[in-house]
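Enquirer: What follows is a structure written as structure tokens; I'll ask about it next.
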Amino acid sequence: MADVCRHARRIVVKVGSSLVTNEGRGVDAQAIGNWCRQLAALAGEGREVVMVSSGAIAEGMKRLGWAARPKELHELQAAAAVGQMGLAQMYETHLREHGMRSAQVLLTHADLSDRERYLNARSTLLTLLVANLIEADVLVILTDQRGLYAADPRKDPTARFVDEARAGDPELERMAGGAGSAIGRGGMLTKVLAAKRAAGSGASTVIAWGREPDVLLRLAAGEAIGTALVAGTPKVAARKQWMVDHLQLLGAVTVDDGAVRKLCDEGKSLLPIGVVDVVGEFHRGDVIAVRDAAGREVARGLSNYSSAEARLIMRKPSSQIEAALGYANEPELVHRTNLVLS
């Protein structure tokens with residue numbers, strides 16, 4: 001089985017509603033305490049861990065006395081609003097026991113589908129991690145099953161267990177078809193699709209039983225637990241290939257000779273002070289071309305600022321960005337990890 005966690009520096013852990021709320025019977029303090037203890041231990045090893053926790057709606061249903069998961073949006077929002085208080089308090093209490101501070105970032109699908117809102121949320125999480133601009137190395141999905149089977153083990157006790165597979169393999173979706181518990185929204189299929197999306201940015205995924213003793217610590221130590229869905233493309237290569245494949249760019253910046261040397265010879269980020277012209281109209285998060293004085297494309301990357309903002313800060317040192325705009329998203333116009341040379 002592929003060892004995808006041993007050398008992972010940044011780990012995203014997703015835990016489902018059925019585990020967090022013990023199948024809807026209320027927030028499981030013991031389970032959350034165990035996960036928080038493991039998070040603290042991983043942080044002590046110098047790793048960065050983001051916990052993505054379901055359970056707010058399930059906890060809200062219990063507090064409101066609702067037996068069935070509501071379908072109307074306003075009812076779902078009401079349940080989440082009620083349940084979120086207890087859920088956040090539980091994580092805060094257990095993390096504090098290990099000397100850790102906690103913070104909560106609430107995200108919806110709209111935050112991720114809109115590029116600028118996505119970048120704002122991403123920057124918030126990265127600020128909380130105090131880290132540079134790289135994505136997760138591995139996604140760990142904790143579930144109420146041991147991992148992925150070739151068929152539903154609840155219906156076929158002889159179903160083959162899948163130790164390892166390539167994330168994105170269409171056969172996995174066929175294996176994982178079917179709904180999950182009545183408490184959560186999805187079954188194994190949603191987890192397989194999540195692994196497919198994670199692989200698109202170069203991150204591998206492990207699906208494991210959330211109540212396995214010290215599951216996170218043992219995975220981080222290299223133990224084979226659950227199902228490993230391995231990404232076929234390295235993390236950095238996946239993002240940079242996506243930028244290379246952009247056929248229609250919304251804009252470009254022209255940079256001076258000093259900036260070209262910094263980018264091409266020293267592998268540095270593009271700072272506003274090196275930009276002499278801005279062409280086109282683009283938004284923060286768009287892929288833009290970086291051209292030299294002769295008009296040749298020397299690189300392309302994700303812009304941290306819109307074209308209007310770039311025009312205001314070009315030829316200025318990063319220390320003057322806030323004075324020019326009234327705020328400062330990042331000190332770089334394009335960070336080196338979001339830039340690929342032509």
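The values are calculated or read from the model by the stated rules, or taken from the named source; none is laboratory data. From a predicted model like this one, the values you see are computed outputs, not experimental measurements. Quick reminder, even Gly has a Cβ in these numbers, built from the backbone with ideal geometry, and neighbours come from all protein chains shown.
Enquirer: From the list E75, E59, E45, E23, exactly one residue is within 17 Å of M100 (Cα to Cα) and of a type in the set (D, E, K, R). Which is it?
Expert: None of the other options fit; the residue is E45.
Enquirer: To continue, here is another question. So is A299 in a strand (DSSP E or B), crowded, with 19+ Cβ neighbours inside 10 Å and touching a Lys or Arg at 6+ places or on another chain (Cβ under 7 Å) or not?
Expert: Here the answer is no, as A299 does not meet what is asked.
Enquirer: Continuing with the same structure: Pick from the range 176-203 the residues that are surrounded by 23 or more Cβ atoms within 10 Å (Cβ to Cβ), touching an Asp or Glu at 6+ places or on another chain (Cβ under 7 Å) and modelled with pLDDT under 90: which of them is farthest from V15 (Cα to Cα)?
Expert: Ranking the candidates gives A203 first.
Enquirer: Return the residues of the range 315-336 that are among the aliphatic types (A, V, I, L, M) and under 19 Å from D256 (Cβ atoms); say none if nothing qualifies.
Expert: Residues satisfying the conditions are I321, A324, L333, V334.
Enquirer: Go through the range 14-61 and count every residue that is at pLDDT 90 or above and either outside the structural domain of R211 (by TED's automatic domain parsing) or among the basic types (K, R) (or both).
Expert: So the count comes out to 3.
Enquirer: Tally up the residues in the range 303-313 that are buried (at least 21 other Cβ atoms within 10 Å of the Cβ) and not in a helix (DSSP H, G or I), please.
Expert: So the count comes out to 3.
Enquirer: In this structure, is S319 over 22 Å from N120 (Cβ atoms) and among the polar types (S, T, N, Q)? Talk me through it step by step, then tell me what you get.
Expert: Values: over 22 Å from N120 (Cβ atoms): yes; among the polar types (S, T, N, Q): yes.
The answer is yes for S319.
Enquirer: So which residues in the range 276-296 are part of a strand (DSSP E or B) and within 10 Å of A252 (Cα to Cα), if there are any at all?
Expert: Hits for the range 276-296 are D277, V278, V279, G280, V287, I288, A289, V290, R291.
Enquirer: Separate question: Answer yes or no as to whether G280 is of a type in the set (G, A, S) and under 29 Å from the mean Cα position of the chain (by Cα).
Expert: Values: of a type in the set (G, A, S): yes; under 29 Å from the mean Cα position of the chain (by Cα): no.
In short, no.
Enquirer: Restricted to the range 106-126, and to residues that are under 14 Å from the mean Cα position of the chain (by Cα) and surrounded by fewer than 12 Cβ atoms within 10 Å (Cβ to Cβ), which residue is modelled with the lowest pLDDT?
Expert: Result: S113.
Enquirer: OK, next. From the residues in the range 139-163 that are part of a strand (DSSP E or B) and under 22 Å from the mean Cα position of the chain (by Cα), which one is farthest from A199 (Cα to Cα)?
Expert: Among those that are part of a strand (DSSP E or B) and under 22 Å from the mean Cα position of the chain (by Cα), it is T143.
Enquirer: If you don't mind, there's one more thing I want to ask. Quick check on V298: is it more than 30 Å from R6 (Cβ to Cβ) and modelled with pLDDT of 95 or more? Quick ask: steps written out before the conclusion?
Expert: On the way: more than 30 Å from R6 (Cβ to Cβ): yes; modelled with pLDDT of 95 or more: yes.
Answer is yes for this residue.
To keep it simple, each residue is scored yes or no on (1) out of contact with any Ser or Thr (no Cβ under 8 Å at 6 or more places or on another chain); (2) closer than 22 Å to S201 by Cβ.
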residue: V12; (1), (2): yes, yes
residue: R47; (1), (2): yes, yes
residue: V50; (1), (2): yes, yes
residue: G55; (1), (2): no, no
residue: R63; (1), (2): yes, no
